[in-house]
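Read the structure below first, then the notes.
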Amino acid sequence: MATIDATFAPGRPARRVDWLGRSAVFCYLTIAAGQLLFTAFILLYYYPSALSGDFAAWNNKPLIKGFVAGDTAGNLFFAVHVLMAAVITLGGLVQLVPAIRGRRPAIHRWNGRVYLLSALALALGGLWMTWGRGTWLNYIGAIGITLDALLILAFAALAWRAARERRFVDHRRWAIRLFAVASAVWFMRVGYMAWGLATGGAGIGKAMDGPFDLFLAFANSLLPLAIAELYLRAGAHGTAAAKKGVAALLGLCGLVILAGSAGAWMVMWGPYI
Ligand code: HEM
């Protein structure tokens with residue numbers, strides 16, 4: 001009540017609502033919900049088989065390669081990849097919570113190191129699986145995910161360097177960019193489902209070679225990165241109108257993410273656990 005009275009007291013300037021901050025929190029919560037579902041799938045589907053050595057069980061769901069009898073190195077790379085996938089997905093969500101950064105800096109530092117190491121392992125291991133093991137359906141898709149791996153490696157290095165040099169404003173910027181591109185494989189799944197719900201699957205090819213597939217091969221990292229960039233710029237020196245515009249965009253993204261995550265759970269993850 002006191003806040004309301006103070007806000008509307010005659011003679012005092014009306015308190016501005018921080019729409020950008022609010023919609024960023026909303027968008028983060030929708031991402032967290034979707035990524036927790038992805039983590040649950042990885043923990044329930046891949047962890048038991050990867051940790052017990054029952055690698056053949058991976059192929060109970062459609063994969064490009066998954067388990068290949070006799071390919072010990074490829075199977076081990078895949079096992080490490082899916083084990084680290086849960087670590088990076090959960091770690092990224094924890095890393096972005098301001099209360100943890102502010103009140104538990106030790107957790108932020110240690111989780112940050114684990115996050116950067118898992119980013120390194122996933123990007124380098126993913127590159128090897130793509131080009132060394134030959135896990136791809138078409139060149140454009142392979143090049144798209146390669147670009148993502150290179151962005152992950154570059155932003156991880158820049159976020160780490162800024163933290164080491166105690167340039168915390170820069171560190172936050174690079175960390176948000178890193179989160180955007182490290183979440184690309186998840187954005188891709190959510191993007192497919194949201195698009196499928198909206199259009200019935202227009203432009204999706206049988207070998208993931210339709211116009212939408214080719215678009216999403218690059219948009220899975222570049223679109224979240226562009227939106228993160230708009231958010232950072234609006235927050236740093238945007239006009240009131242720009243802040244409102246980006247806030248509306250984040251709100252819309254949150255709704256798309258909710259729909260796409262629910263679809264991904266129902267079609268891509270839930271049926272296999
Ligand atoms: C950084 C975050 C990443 C996460 C969380 C992640 C997660 C996963 C998961 C869960 C799978 C199992 C497939 C499924 O069930 O959908 C997988 C497979 C795979 N990932 Fe990643 N990945 C990441 C990054 C990358 C990168 C950067 C590349 C390539 C440069 C890559 C290449 C692959 C390949 C080739 C497979 C095997 C696909 C198959 O055999 O069907 N991943 N990844």
Computed lengthening from GLU229 to ALA207, 0.36 nm per intervening residue step minus Cα-Cα distance = 4.7 nm
For segment 92-178, listing trypsin sites (Lys or Arg not before Pro) in a DSSP loop whose Cβ sees at most 14 other Cβ atoms within 10 Å gives ARG166, ARG167
What are the DSSP H helices in the chain that stretch 24 Å or more along their long axis, judged by alpha-carbon atoms, and whose average Kyte-Doolittle hydropathy comes to at least 1.0?
-> 19-41, 72-95, 139-164, 240-264
On the accessible surface of segment 104-253, probed at 1.4 Å, how many percent belong to carbon and sulfur atoms?
-> 70 percent
Quick one, can you get me the convex hull of the C-alpha atoms of the chain expressed as volume per residue in Å³?
-> 161 Å³
ARG167-ALA236 pseudo-label distance in nm [points 7 Å out on the Cα-to-Cβ vector] | 1.1 nm
Rounded to two decimals, what is Rg over Rh for segment 73-179 when you use alpha-carbon atoms and the Kirkwood radius?
-> 1.03
So what are the three principal axis dimensions of segment 173-273 from its Cα atoms, in whole Å, longest to shortest?
-> 44, 26, 22
Return a whole-number percent for the relative contact order of segment 20-272, with Cα pairs under 8 Å and 6 or more residues apart as the contact set.
-> 27 percent
GNM flexibility winner over the chain from ILE143, ILE64, ILE31 (Cα, springs under 10 Å) | ILE64
Which residue, ILE145, ILE257, ILE204, has the most motion in a Gaussian network model of the chain that connects Cα atoms within less than 10 Å?
-> ILE204
Residues of the chain: accessible area per residue with a 1.4 Å probe, Å² | 54 Å²
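The values are calculated or read from the model by the stated rules, or taken from the named source; none is laboratory data. Computed from a predicted model, the values in this text were never measured in an experiment. Cβ atoms come from the backbone with ideal geometry, glycine included; neighbour counts cover every protein chain shown. Please note that ligands, DNA and RNA were not included when accessible areas were found on the heavy atoms of the full protein model with its side chains. Shrake-Rupley method; radii C 1.70, N 1.55, O 1.52, S 1.80 Å.
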